[in-house]
Amino acid sequence: MSAFEYRDCTLYCEGVPAGELVAQFGTPLYVYSRSEIVTRFREFRSAFAALDPLIAFSVKSNGNLSVLRLLADEGAGADIVSGGELYRARLAGVPAERIVFSGVGKTVAELAAALEAGIYAFNVESAGELRELEGLGEATGVAAPIALRVNPDIESPTPHAYTRTGHRETKFGIPIEEALRLYRAAARTTGLRVRGIDVHIGSQILEVAPYVLAVQRVLEVVDELRREGIELEFIDVGGGFGIPYEGEPGVPAAKFGEALVPLLRETGLRVVLEPGRYIVGPAGVLLTRVLYIKDMGEKTFVITDAGMNDLLRPSHYASYHRVAPAEQHPERATITVDVVGPICESGDFLALDRAVEQPREGELLVIGEAGAYGFSMASTYNARPRPAEVLVDGENARLIRRRESYEDLVRGEVECL
Ligand SMILES: Cc1ncc(COP(=O)(O)O)c(C=O)c1O
């Protein structure tokens, strides 16, 4: 059962009504369910339990320290993509040996910090990055542990082109032939320790077949390297496991496990997985208040106090998020509206042409499945302080990030007077 459900027409998160959360913490408000995060993490882990994998939670999906700490306590590692995410992960208590570092544009300073921290592996995305790591390894006397992220050249079925990363036309990964050359060269250096191989084909994938295809391509590389005497220790299959956004049944992690476990077990390699959305997406919602209802004849706009700066996904990826009143009134008619924010952009919307219970000014709306790539993509555009975040555990709600203030907005700016 989801942690967010209606009881007598009132939305609850675990044991706390949405209205109480808002009375205490205001809107817009990100609300996460502790039990849902833990349950989803355990469900994911059990789907791959036969492999005893390192589950490196993708920090970019939700980097709140309390969320990271909760997952680290469950045994998760971290998939990071920046020095800032390394800082977050370490501060939250993720052991360095459970951290993998992905991303196409790591700076030398970021590489050096991660090497010094003693992370498990760098998922290297270019010859240039490999060269920098080799130099660092030689200079420090600590060989940099590396995996090459290969580009398997497959079209992954994600809902938006921006979240496809497995084909040649993207900036991600290294073509297979080049990866083989780089492995051979890396194996001869003292500055690098060849440790694994990595692939990540995209995000919000609801099919098993593309993963199987990607892993098969990667395993051909593993076999070739083996024939040449280059032994790897791990294979990282990346993240991207999708969730249902429109209330459809979705694909349980077990389905991915059933297809991938036999394939991966055969290799004898340690397995790394980098889920983000699957763990936290359905474990969070965004609560927002209706400011105004504006009838423009052609269209009715429901103007909320949350905008694209708070939840970017609808305008950036044309993503679907469920929108519903926090207090249901079954007697109300259903009307079709655009749910839009206060930002001065026509692209500022949470939902377009959406059938909703006739909203009223002042009431609370819930935006579903907002636990992943919600707060982590939030900005202060239009000089809007970012929302607060709350973690609910049974009857208790804990503020895990306070709402930003106007002072926060200008902190760091040099004196202008
Ligand atoms: C390298 C890498 N790993 C893991 C993830 C996590 O993806 P998801 O949250 O869809 O599981 C991403 C996200 O795009 C990524 O770029």
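The values are calculated or read from the model by the stated rules, or taken from the named source; none is laboratory data. None of the values given here were measured: they were computed from a predicted structure. Please note: Cβ atoms are built from the backbone with ideal geometry, for glycine as well, and neighbour counts cover all protein chains shown.
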Checking 156, 102, 126 in turn, the sole residue that is modelled with pLDDT of 95 or more and closer than 28 Å to residue 250 by Cα turns out to be 102
Whether any residue in segment 264-280 is within 16 Å of residue 18 (Cβ to Cβ) and either surrounded by fewer than 18 Cβ atoms within 10 Å (Cβ to Cβ) or more than 16 Å from the ligand (Cβ to nearest atom) (or both) is what I want to check. no
Scanning segment 129-174 residue by residue, the ones that are of a type outside the set (S, T, N, Q), in contact with a Gly (Cβ under 6 Å, 6 or more places away or on another chain) and part of a helix (DSSP H, G or I) total 3
When restricted to 44, 57, the only residue touching a Pro at 6+ places or on another chain (Cβ under 9 Å), outside any loop (DSSP other than H, G, I, E, B) and closer than 21 Å to residue 86 by Cβ is 57
(message) Here is a check on your reading of the model: is residue 193 surrounded by fewer than 22 Cβ atoms within 10 Å (Cβ to Cβ), within 24 Å of residue 223 (Cα to Cα) and away from the ligand (no atom under 16 Å from the Cβ)?
(response) yes
Margin query: Going by what's in this entry, would residue 182 be described as modelled with pLDDT of 95 or more, away from the ligand (no atom under 14 Å from the Cβ) and buried (at least 23 other Cβ atoms within 10 Å of the Cβ)?
Written below: no
* Asked: Quick check, is residue 260 more than 26 Å from residue 387 (Cβ to Cβ), crowded, with 20+ Cβ neighbours inside 10 Å and more than 23 Å from the chain's Cα centre (by Cα)?
  -> no
Residue pairs qualifying under the 7 Å Cβ cut-off, at least six apart or on distinct chains, with the first in segment 89-105 being within 17 Å of residue 270 (Cβ to Cβ) and the second being more than 16 Å from the ligand (Cβ to nearest atom) and not in a helix (DSSP H, G or I), are 96/118; 97/118
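Being surrounded by fewer than 20 Cβ atoms within 10 Å (Cβ to Cβ), assigned to a loop (DSSP other than H, G, I, E, B) and in the same structural domain as residue 256 (by TED's automatic domain parsing) narrows it down to one residue among 105, 63, 84; which is it?
On the way: 63 fails: surrounded by fewer than 20 Cβ atoms within 10 Å (Cβ to Cβ); 84 fails: assigned to a loop (DSSP other than H, G, I, E, B).
Matching residue, one of 105, 63, 84: 105.
A quick yes/no check of all residues on (1) assigned by TED's automatic domain parsing to the domain that holds residue 161; (2) free of Cβ contacts under 8 Å to residues at least 60 places away in the same chain; (3) among the aliphatic types (A, V, I, L, M); (4) at positive phi:
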residue	(1), (2), (3), (4)
301	no, yes, no, no
309	no, no, no, no
336	no, yes, no, no
345	no, yes, no, no
371	no, no, no, no
378	no, no, yes, no
381	no, no, no, no
403	no, no, no, no
406	no, yes, no, no
Residues in segment 297-325 that are surrounded by 23 or more Cβ atoms within 10 Å (Cβ to Cβ), of a type in the set (A, V, I, L, M) and part of a loop (DSSP other than H, G, I, E, B) total 3
Result of the Cβ filter at 7 Å on segment 162-187, keeping first residues that are assigned by TED's automatic domain parsing to the domain that holds residue 232 and partners that are more than 16 Å from the ligand (Cβ to nearest atom) and β-branched (Val, Ile, Thr), at least 6 apart or interchain, is 176/221; 179/221; 180/221; 183/194; 183/230; 186/194; 187/194; 187/230
Original post:
Does residue 39 count as assigned by TED's automatic domain parsing to the domain that holds residue 393, at pLDDT 95 or above and closer than 30 Å to residue 11 by Cβ?
Top reply: no
